[in-house]
Amino acid sequence: MRTHLCFGLDYICYPRKEWRVLALPSRCSLLQLKIDFRAKLSYKPSRIFNQNIHIMPAPKKTPIRRKVKNWTTADSSDLYGVEDWSNGYFHVSKSGDLAVSLNDSDGSQREVRLPTLMKGLAERGTGAPVLLRFRDLLRARIRELNESFAKAIADVNYQGDYRGVYPVKVNQQRQIVEEIVSFGRQYHYGLECGSKPELIAAIAHMEDPEAFLMCNGYKDDEFIDLALMAQSMGINIYLILEMPNELPAIMARAKKLGIEPNLGVRVRLAAKGSGHWSESAGDKSVFGLNPAQVIDVVDKLKDAGMLQCLKVLHYHQGSQIPNISVIREGLTEACRMYIDLVREGAPMGTLDMGGGLAVDYDGSQTNFHSSCNYSMEEYARDVVEVVGEMCTKYEIKHPTLVTESGRAISAYHSVLVFNILDVTSAPGQDSAIPQLPENPSEILKSLDETQRMLARKNIQECYNDANYYRDQLRMQFFYGQTSLRERGIGEAIYWRIMGLISRRLTEMSEIPEDLKEVSDNMVDFYYGNFSLFQSLPDSWAIDQLFPVMPIQRLSERPTQNSVIVDITCDCDGKVDKFIDREDVSNSLPLHEIEPDENYYVAIFLIGAYQETLGDIHNLLGDTNVVSVHLENGRPVYTQEEEGDSVADVLGYMKYDPKVIVSKFRQLAERAVENGLITPRQRRGAVDAYRDGLNGYTYYEL
Ligand SMILES: Cc1ncc(COP(=O)(O)O)c(C=O)c1O
């Protein structure tokens, strides 16, 4: 067997394989070699070979100078996928800031930079974390949805109308409901409610007699009475039967009030949804009537002479359906049911397909659960086409189409901006370069050499070596063959190597598969002034992905792979899954923060579900909220709502501020009596306690 050993080089050539020197314990009599198949095989543990070695002189090493491209704003836009997820509402500005496109009072579109907004807010005394609301984006979504349906209806010559409704549960804030109703008026855009409080909130906004108010959810007599009275006042309201036993209750109340109810029936489809909420439809779904129950409702209505009340077929396949073919399948089944209900003699007239219109959170345009493989226009087109073709085929009048699209309307308009409070570096990155002891062991020498030899071309080999030596070192420590000090130095070198590798990886366009875990492990923790449980509950509860990125310094290369940690003391309180074009990424590149820099990170597309699902874990309450629009080229801040104060959140937990201040005063007085503090110090302590009660629950600068 003939091999060539090149000192200082990485490889010993061997036919069809490459051999790699791991260590040279003595002058070449015994070589510790490792086989690097460099193909798909995984690395094997080191083997000891007694070889006949032919030593070759090492060729001179010439340093490789790679051209590191200057970082541009386009690179940041690409890195964070801004053009993919933002639907054109957000851009990276030329100045390197993240900007939102808003309508100015003269009708033109203008870019407003988020750091400028944050500066303006800070000057007015409103600090981070702050939820920014852009009503223009809410309006844009309503317009896009209605115009998509209008276009599809015209294109396929559909004979019915489209009447969207906004499901209040998606974001019940008064300001949002009012905005939607006001802007949606031109489209007769209505509302959907799923509970009594939502009904009570929604009814008050039903000024347009042509807009629908769809009532889903459990209905007690109070609910039913209110809906019937609203109907008698001319409100276009429908009671949708979710359970078989709702029918007798509604019939009884309707008889008592002398009102013929507008009824709908929610059907349980065999076609399942897809994504997180796939169980909302299908045989196991908890809502809706199965075909046998639907027929029973029809018979009961016929018997009572009330079949003319049945006007709506409703179904809901689940929220965020990423796959358009699933939508088509459900709609086809629902449409068959609709047609047969008409044939049974019910007037019908309206087909309500619930929610499900997805948001492309990760911008990948795929059927991944945080994305969708269709646009709003394609959704509208498919819906109109399927219903139109089927009804035409069965000679049934084209129904009015209703969708209860929630997240597709409200997700884009809210952005949470928070400041980074602190950073802890990945292991080994913030300590000094480890010094070898006077007589280092072979393993330490090898680790040190690996560190020095690390270059782009041998990054994979150095990674494997470092892991191998680290494991050996740990093993030796375990068996008492090396000291804690040696192990400590060795591990410090190991982490330094990982850090160097991870930095190089940020400069590479393609990262080899097994090196991806380096980036995952070598992350800095960026502590953000927010609570995941309050502002981003779906990230915690169902691993939903949201776009997250810095809003400034976007003309600079972000060098730190990071995980964002919130200020709750819960180890789940972190964002460690980020959107990525090809996959889900376990880290987010951020910039190294300058001393005294106010570095802001924003989370986008959080206008749906997050606000009211959020809770006050660790008693971190609602954040500050501000709505922003443009007038004469200048941002106007309206609807400012101060976030919860400490007294507010303690109040939710039934603490009475007066009582706890008095308790604290007693404690302070006892401390004075015991000579621990002076009366003047007592005053300071009580003032601080009172100030704390009035303060923001988040970190205040
Ligand atoms: C009955 C009903 N309609 C509409 C929606 C809104 O769904 P989406 O936000 O996916 O449009 C939901 C939410 O799950 C729902 O339960």
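Counting other C-beta atoms within 10 Å, and keeping those with at most 10, which DSSP coil GluC sites (Glu not before Pro) do you find in the stretch 431-464? List each step's numbers first, then the result.
Values: sites: GLU438, GLU442, GLU449, GLU461; in loops: GLU438.
Counting only loop positions with at most 10 other Cβ atoms within 10 Å, the GluC sites (Glu not before Pro) in the stretch 431-464 are GLU438.
Applying 1/(1 + (r/R0)^6) with R0 = 56 Å to the Cβ-Cβ distance of ALA204 and VAL584, what FRET efficiency is obtained, to the nearest 0.05?
Working: r = 42 Å, r/R0 = 0.75.
Efficiency, from the Cβ-Cβ distance: 0.85.
Just name one of LEU588, ASN632, VAL659: the one whose Cα is farthest towards the positive end of the charge dipole of the stretch 576-661 (beta-carbon charges, Lys/Arg +1, Asp/Glu -1).
VAL659
Looking only at the chain, where both bridge partners belong to it, what percent of the DSSP beta bridges are antiparallel (to the nearest 5)?
On the way: 49 of 87 bridges.
About 55 percent, rounded to the nearest 5.
Quick one: net charge of ASP78's neighbours, Cβ under 10 Å, K/R +1, D/E -1? If you can, show how the numbers build up before the last one.
Working: positive: ARG581; negative: ASP75, GLU83, ASP84.
Once positives and negatives cancel, what remains is -2.
Can you tell me the FRET efficiency between TYR394 and PHE525 if r is taken as the Cβ-Cβ distance and R0 is 51 Å, rounded to the nearest 0.05? Kindly include the intermediate steps, with their values, before the conclusion.
Values: r = 60 Å, r/R0 = 1.19.
Calculated value: 0.25.
Using a 10 Å cut-off on Cβ atoms, rank the peptides 93-103, 661-671 from the highest mean neighbour count down. Let's see the in-between values first.
On the way: 93-103: 20.0, 661-671: 13.9.
Ranking, from highest mean packing down: 93-103, 661-671.
For SER587, which sequence-distant residues (separation of 5 or more, or a different chain) have an amide H within less than 5 Å of its own amide H, given hydrogens modelled in the peptide plane?
Under 5 Å from the amide H of SER587: PHE578.
Please provide three numbers in whole Å: the alpha-carbon extents of the stretch 61-200 along the principal axes, with the largest listed first.
Sorted largest first, the three principal extents are 74, 48, 36 Å.
May I have the convex hull volume per residue, in Å³, for the Cα set of the stretch 341-454?
On the way: hull volume 25.5 nm³, N = 114.
Expressed per residue, the convex hull around the Cα atoms of the stretch 341-454 is 223 Å³.
If you take the charge dipole of the stretch 160-405 about its Cα centre, with +1 on Lys and Arg Cβ and -1 on Asp and Glu Cβ, which of LEU341, ALA204, ILE321 is farthest toward its positive end?
Ranked along the dipole, the leading option is LEU341.
How long, wide and thick is the stretch 160-405, going by the Cα atoms along their three principal axes, in whole angstroms, largest first?
54, 42, 32 Å, listed from the longest principal axis down.
Give the residue from ALA271, TYR238, PRO167 lying farthest towards the positive end of the charge dipole for the stretch 160-405; charges sit on Cβ (+1 for Lys and Arg, -1 for Asp and Glu) and the dipole is referred to the Cα centre.
Value: TYR238.
Can you tell me the Rg and the Dmax, both Å, for the Cα atoms in the stretch 120-279?
Final numbers for Rg and Dmax: 18.6, 61 Å.
Note the direction-averaged projected area, equal to a quarter of the hull surface, for the Cα convex hull of the stretch 412-530, in nm². Working shown, then result.
Values: hull surface 40.4 nm².
Mean projected area for the stretch 412-530: 10.1 nm², to one decimal.
Two decimals is fine: what is log10 I(q)/I(0) at q = 0.21 Å⁻¹ for the stretch 280-364, from a Debye sum with one equal scatterer on every Cα and no solvent?
Calculated log10 I(q)/I(0) at the listed q: -1.01.
For a protection proxy built on the mean count of beta-carbon atoms within 10 angstrom, sort 359-370, 535-546, 302-313 highest first, please. Don't jump to the answer; show the numbers that get you there.
On the way: 359-370: 21.8, 535-546: 19.5, 302-313: 17.8.
The packing order, highest mean first, is 359-370, 535-546, 302-313.
Compute the convex hull volume of the Cα atoms of the stretch 564-606, divide it by the residue count, and report the result per residue in Å³ as a whole number.
Working: hull volume 5.0 nm³, N = 43.
Spelled out: Cα convex hull of the stretch 564-606, divided by residues, is 116 Å³.
Can you tell me the equivalent ellipsoid semi-axes for the stretch 646-694? Use √(5λ) from the Cα gyration tensor, largest first, whole Å. Let's see the in-between values first.
Values: eigenvalues 109, 23, 6 Å².
Ellipsoid half-lengths, sorted descending, are 23, 11, 6 Å.
Restricting to DSSP H runs of at least four residues, report the calculated mean residue ellipticity at 222 nm for the chain, -39500 (n - 2.57) per run over all residues, nearest 500 deg cm²/dmol. Please report the intermediate quantities before stating the final value.
Working: 22 runs with 254 residues, N = 701.
Here the helix-only value at 222 nm equals -11000 deg cm²/dmol.
Can you list the residues of the stretch 308-337 with backbone N under 15 Å from a point 7 Å past the Cα of LEU613, pointing along Cα to Cβ?
Zone members listed by number: 318-322.
Per-residue HN-Hα couplings for the stretch 293-303, Karplus 6.51 cos²θ - 1.76 cosθ + 1.60 at θ = phi - 60°, whole Hz, x for Gly and Pro?
5, 5, 5, 4, 4, 4, 5, 5, 5, 4, 4
Can you figure out the FRET efficiency of LEU257 with ILE295, using R₀ = 30 Å and their beta-carbon distance, to the nearest 0.05? Each step should come with its number before you reach the end.
On the way: r = 27 Å, r/R0 = 0.91.
Computed FRET efficiency for LEU257 and ILE295 comes out at 0.65.
Return the long-range amide H neighbours of GLN365 (sequence gap of 5 or more, or a different chain), with a cut-off of under 5 Å between placed amide H atoms.
Here CYS372 satisfy the definition.
Please turn the phi angles of the stretch 113-119 into ³J(HN,Hα) values with the Karplus equation 6.51 cos²θ - 1.76 cosθ + 1.60 (θ = phi - 60°), one per residue in order, whole Hz, x for glycine and proline.
Coupling constants for the stretch 113-119: 7, 5, x, 5, 5, 5, 5 Hz.
What is the distance in Å between the Cα centroid of the stretch 175-215 and that of the stretch 623-701?
37
Enumerate the amide H contacts of PHE530 below 5 Å, restricted to partners 5 or more residues apart or on another chain; note that Pro and chain-start residues carry no placed amide H.
Distant-sequence amide H within range of PHE530: ILE567.
Could you compute the net charge surrounding GLU242? Neighbours are other residues with a C-beta less than 12 Å from the C-beta of GLU242; K and R count +1, D and E count -1. Provide the component values of the computation, followed by the final result.
On the way: positive: LYS219, ARG266, ARG268; negative: GLU246.
In short, +2.
How many angstrom lie between the Cα centre of the stretch 317-363 and the Cα centre of the stretch 398-438?
Using only Cα atoms, the two centres lie 33 Å from each other.
Within the accessible area of the chain, what % is carbon and sulfur when the probe is 1.4 Å and the other protein chains stay in place?
Numbers: 16320 of 32870 Å².
Roughly 50 percent of what the probe reaches on the chain is carbon or sulfur.
As an exercise, find the ratio Rg/Rh for the stretch 173-266 from alpha-carbon atoms, using the Kirkwood inverse-distance average for Rh.
On the way: Rg = 12.9 Å, Rh = 13.3 Å.
Result for the stretch 173-266 is an Rg/Rh of 0.97.
Report D for the stretch 462-568 in µm² per second (integer): Stokes-Einstein, Kirkwood Rh on Cα pairs, 10 °C, 1.306 mPa s.
Numbers: Rh = 16.8 Å.
Using the Kirkwood radius from Cα pairs, D works out to 95 µm²/s.
With a 1.4 Å probe and every protein chain left in place, work out the accessible area per residue of the stretch 403-506 in Å², rounded to a whole number.
44
From the gyration tensor of the Cα coordinates in the stretch 597-683, what semi-axes in whole Å does the equivalent ellipsoid have, largest first, with each one equal to sqrt(5λ)?
Working: eigenvalues 321, 65, 34 Å².
Values for the stretch 597-683, descending: 40, 18, 13 Å.
Based on alpha-carbon centroids, what's the gap between the stretch 559-591 and the stretch 448-493 in Å, whole number please?
28
Å³ per residue of the Cα convex hull, for the chain? Mind showing how you got there, number by number?
On the way: hull volume 167.3 nm³, N = 701.
Looking at the chain, the number lands at 239 Å³ per residue.
The values are calculated or read from the model by the stated rules, or taken from the named source; none is laboratory data. Just so it is clear, the model here is predicted, and its values are computed rather than measured. In this analysis, Cβ positions are derived from the backbone assuming ideal geometry, glycine residues included, and neighbour counts consider all displayed protein chains. Please note that ligands, DNA and RNA were not included when accessible areas were found on the heavy atoms of the full protein model with its side chains. Shrake-Rupley method; radii C 1.70, N 1.55, O 1.52, S 1.80 Å.
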